[in-house]
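Written out below as structure tokens is the structure these notes cover.
The values are calculated or read from the model by the stated rules, or taken from the named source; none is laboratory data. None of the values given here were measured: they were computed from a predicted structure. Here Cβ is always computed from backbone atoms with ideal geometry, including for glycine, and neighbour counts include all displayed protein chains. Areas reflect the complete protein model, heavy atoms only, side chains present, ligands, DNA and RNA absent. Shrake-Rupley method; radii C 1.70, N 1.55, O 1.52, S 1.80 Å.
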Amino acid sequence: MSVNIGLYISASILCISCIIYRYLRRYRKTVERRVLSLLLWNVTATAVLDLVKNVTASLDPVQWSTFNYIDTFLFFLLHSMLPPLFTYYILLLNGVAKNKTLKYRVCFFTPFIITEAFVLLTPLFDIIYYYDENGVYHRGNGVYVAYISAVLYMFIAVGTVIKTGKILRNRYMKGYELYFTVVVAGMVIQAIWPNIKVEAFTDIVGLLGIMLTVDCNEGLIDEYTGLPNKASFEINAGLYLLHKYKCSMISMRFQNLKTFKNIFIAGHGDRVGMKLFSEIQSVTEGCEIYKYDEKTLVILVFEGLDKDRIAKDIEGIVEKTITLGEFNINLRTIISVASIPEDVDSIEGIERMAEYEPQSINKQVTILEGDSLDYIKREDIVEEAVYRAIVDKSFEVYYQPIWEKESGKIISCEALCRLNDSKLGFVPPSEFIPISEKNGNIIAIGDIVFEKVCRDIVELDFEGIGIECVEVNLSLYQLLARKLTERYKEFLNKYGIPTRMINLEITETAASFESADFGKTLEELMEMGFSLSLDDYGTAYSNIENVLTVNYKNIKIDSKILWDSDSNVNFRNLLGSTIASFRKMGNNIIQEGVETKEQLDFVTEAGANLIQGYYFSKPLRRDEFVKFVKKFNNV
């Protein structure tokens, strides 16, 4: 008896603590939160009622019979609500019960309504329970209806958790299934062994775990706005796609919001976003709003709500000037509106839409919908083409010649990856490379290109036609991948290629990346005998410290600086002094993008000793490249 009393007291204290904690968090109200609140109050009330019943059990049962009867009546009335409420909460979390019709809810709660009717009729017909003349409690046959109802709801809940387990089983919701099991186990134990009074305690322990992993999980909530964050959005979007829900998605990407936040003093800048988000919430009642990232809001508009009206209201808000103290702020916003699953039918496509930021758009508000969203499906198609090319190893390697001033000959070349797909035709690197970097395929592509370069060096006798080395691009993602040096060693040994025949080009952005693994990989490559080129100098941070500390054989200056120098004397002076400075430090200078005789004369006079560009040749297929070099070098 004392053990049962202790469990009920503990359950009551835990329940009240949870209620207070959730009240203090003050997160945005949702249907799920309201149902969980009902569950917590229900468990608290039933625990107190059971506690009182256990206390009075040691007293005169006849004297306390009326009190015990009322206590038991209230207990059954409340306790019968627990299975349907818990199951409905699980269905809401798993996306099954979102925005369902009244007919669905009536069907769902019918077993509960029947059970409650039996409880209400029990004082007249002793259906669920009764007390004999000695005040002793007995079960009635109707109690099995309550058990059958509870089992039915538990089967629904378990089936839903199994169906959506793959989506919910992630790093943000660890333990969710365990806590769910604790609640179910408590109900089962209480039904089979009525004298083991553990249900109230297991209920609150399970609900506490679910509350911390879902309802009050800091990993699913944006710190500043209290809105669900990107992780929460990805979970729910995945669930809605799984259940084939039809809804609309409106994403707002504020291109210059971060800039304004950085300009203002700490804390003051956050008010820009908070003021904006507050106004948007006022016109999106009934929708789900997510703070996707620092400059993006995503809104899910379900069936029955006016998507066009909501989008128009949002457009009106973001078009207005935001006044903050002495400042007037105009945000440059991209609003994308799509139907799910008609326009977007995958979580990758949904993420792509939320993160899309088209270049060269300077309008204050840009609306993307309909045909403007073709880029979402295009990326999926390109991704499939990349996958086919990886499986078939059908990527082609083109070579663009690099001319040396001193000898007047082609002594090097840059290996460039090209994709000619059987279905899409030619896909430019500017399209498939970023996609491949995002999904990790760039590592496999890099290996394919490196091996084909090794093969071509041998098969086409690059040394015999005067090619001293080939420039091979190496991205940040490849440098961070494991066992890069081991794979390169295998390719070199397979074709018998000395490392002096390959020069690795590292972009300036990658070279500026700070990582212990990155630095270790660079050291290992240099120890193997590879020489390094710094690619695209002048496009990123222009970190001179990086140039001085890493032993780069070549510095390749980005073509944009050269092209800008044609019309801007400041760029021209900067380019000339940059080339001269690096040459004095002993670096070779590869100037890319040379297209005219005037450009060639300018950069060579400044000191550039290696030239790459259309003035000499565009990138060529392997056989065409060999023919060109033979003719040019007079081999």
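Values computed for the structure shown
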quantity	calculated
Number of the exception - VAL391 against (1) in a helix (DSSP H, G or I); (2) in contact with a Cys (Cβ under 8 Å, 6 or more places away or on another chain); (3) of a type in the set (Val, Ile, Thr)	(2)
In segment 88-114, residue nearest to VAL183 (Cα to Cα) [restricted to those that are among the hydroxyl-bearing types (Ser, Thr, Tyr) and either out of contact with any helix residue (DSSP H, G or I) (no Cβ under 9 Å at 6 or more places or on another chain) or open to solvent by 80 Å² or more (accessible area, probe 1.4 Å) (or both)]	THR110
Residue within segment 422-432 that is small (Gly, Ala, Ser), within 30 Å of VAL603 (Cβ to Cβ), without any contact (Cβ under 8 Å) to a residue 60 or more places away in the chain and open to solvent by less than 50 Å² (accessible area, probe 1.4 Å) present	no
Segment 360-388: number of residues that are in contact with a Ser or Thr (Cβ under 8 Å, 6 or more places away or on another chain), outside any helix (DSSP H, G or I) and under 23 Å from GLU431 (Cβ atoms)	3
Residue in segment 138-148 that is more than 26 Å from ILE113 (Cβ to Cβ) and part of a helix (DSSP H, G or I) present	no
Residue list for segment 399-443, filter: in a strand (DSSP E or B) and of a type in the set (Val, Ile, Thr)	ILE402, ILE410, ILE411, VAL427
Entirely in segment 1-85, the helices (runs of 4 or more DSSP H) that have 2 or more residues that are in contact with a helix residue (DSSP H, G or I) (Cβ under 6 Å, 6 or more places away or on another chain), of a type in the set (D, E, K, R) and open to solvent by less than 60 Å² (accessible area, probe 1.4 Å)	31-56
Pair list, Cβ < 7 Å and 6+ apart or interchain, from segment 385-408 residues that are open to solvent by less than 60 Å² (accessible area, probe 1.4 Å) to residues that are small (Gly, Ala, Ser)	VAL386/SER436; ILE390/ALA444; PHE395/ALA389; VAL397/ALA415; TYR399/ALA415; GLN400/SER617; PRO401/SER617; ILE402/SER412
Unmet criterion (only one of (1) modelled with pLDDT under 95; (2) closer than 15 Å to GLU471 by Cα; (3) out of contact with any helix residue (DSSP H, G or I) (no Cβ under 6 Å at 6 or more places or on another chain)) for ASN573	(2)
Scope segment 433-459; condition open to solvent by less than 20 Å² (accessible area, probe 1.4 Å) and more than 13 Å from ASP380 (Cα to Cα); matching residues	ILE442, ILE445, GLY446, ILE448, VAL449, PHE450, VAL453, CYS454, ASP456, ILE457
Boolean, ILE235 is more than 17 Å from the chain's Cα centre (by Cα), part of a helix (DSSP H, G or I) and modelled with pLDDT of 85 or more	no
Residues (open to solvent by less than 60 Å² (accessible area, probe 1.4 Å) and either over 19 Å from ASP536 (Cα atoms) or of a type outside the set (Ser, Thr, Tyr) (or both)) located in segment 474-484	LEU474, LEU476, GLN478, LEU479, ALA481, LEU484
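So that you can scan it fast, the table gives a plain yes or no per residue for (1) in contact (Cβ under 8 Å) with a residue 40 or more places away in the chain; (2) over 21 Å from ALA45 (Cα atoms); (3) among the polar types (S, T, N, Q):
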{"residue": "PHE67", "(1), (2), (3)": "no, no, no"}
{"residue": "LEU74", "(1), (2), (3)": "no, no, no"}
{"residue": "TYR88", "(1), (2), (3)": "yes, no, no"}
{"residue": "ASN94", "(1), (2), (3)": "yes, yes, yes"}
{"residue": "ALA97", "(1), (2), (3)": "no, yes, no"}
{"residue": "TYR104", "(1), (2), (3)": "no, yes, no"}
{"residue": "ALA117", "(1), (2), (3)": "no, no, no"}
{"residue": "THR122", "(1), (2), (3)": "yes, no, yes"}
